[in-house]
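Report on the following structure.
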Amino acid sequence: MKTAQKLLLTTLTFIVLFISATANAQSVPKSKWRFGIGVDGLLPVGSFRDAVNAGIGITPRLQYGIADNVALTFTSGFYHFFTKPLYVPAGFLGAGQRMQNDLDIIPVKFGIKAFVSSNIYLGAEVGAGFEVDNGGGDSKLIASPGIGYASKKWDVGLRYESFSGQSRNYGLLGLRIAYGFGL
């Protein structure tokens, strides 16, 4: 996705969030903290599919209600991607051996959730993703619009996550299922 398209998508997401913040939902108690721990299924999209089969993640999230239907979020955790094997051609020393390591990323994101009904929300997060490997990895800008359903204890969200930086850009679809509670 081109930079202009990403900027337009991010801008439209924020506009929708702020317009929907006027809805009469009562899903986030104002001035209250919540904590949730989620398990993520991660599916690469675009050219990222050429190198990665799928990924899993674990994502703790801290949430603070700034209005009855709007919350600020801080999400971090760990993503592990299972890369496709890259084999050395037959006839070479070590033929048939896997030559590519799996990819690990530590995401650090700040965001907003705006409830458009009592349980349905739109979300947007922005932050950094730190690629982890033996020699130290790259960091990427993360932009992530999403939609979800949250009850008193459960939060199920679907998002698109874009990683940009160091001339390598990729994206994924993420499904997060989390258990949460008030602090």
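Read-outs: derived from the displayed coordinates by stated rules, not from any lab. Just so we're clear, the structure is a prediction, and the values are computed from it rather than from any experiment. Cβ atoms come from the backbone with ideal geometry, glycine included; neighbour counts cover every protein chain shown.
Figures for the structure shown
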| quantity | calculated |
| --- | --- |
| Residues Y170, Y149, sorted so that the one with the fewest Cβ neighbours within 10 Å comes first | Y149, Y170 |
| W154/F130 FRET efficiency (R0 30 Å; Cβ-Cβ; nearest 0.05) | 0.55 |
| Listed pairs K30/K152; K113/K140; K113/K152; K32/K109; K32/K113 exceeding 18 Å between Cα atoms | K113/K140; K32/K109 |
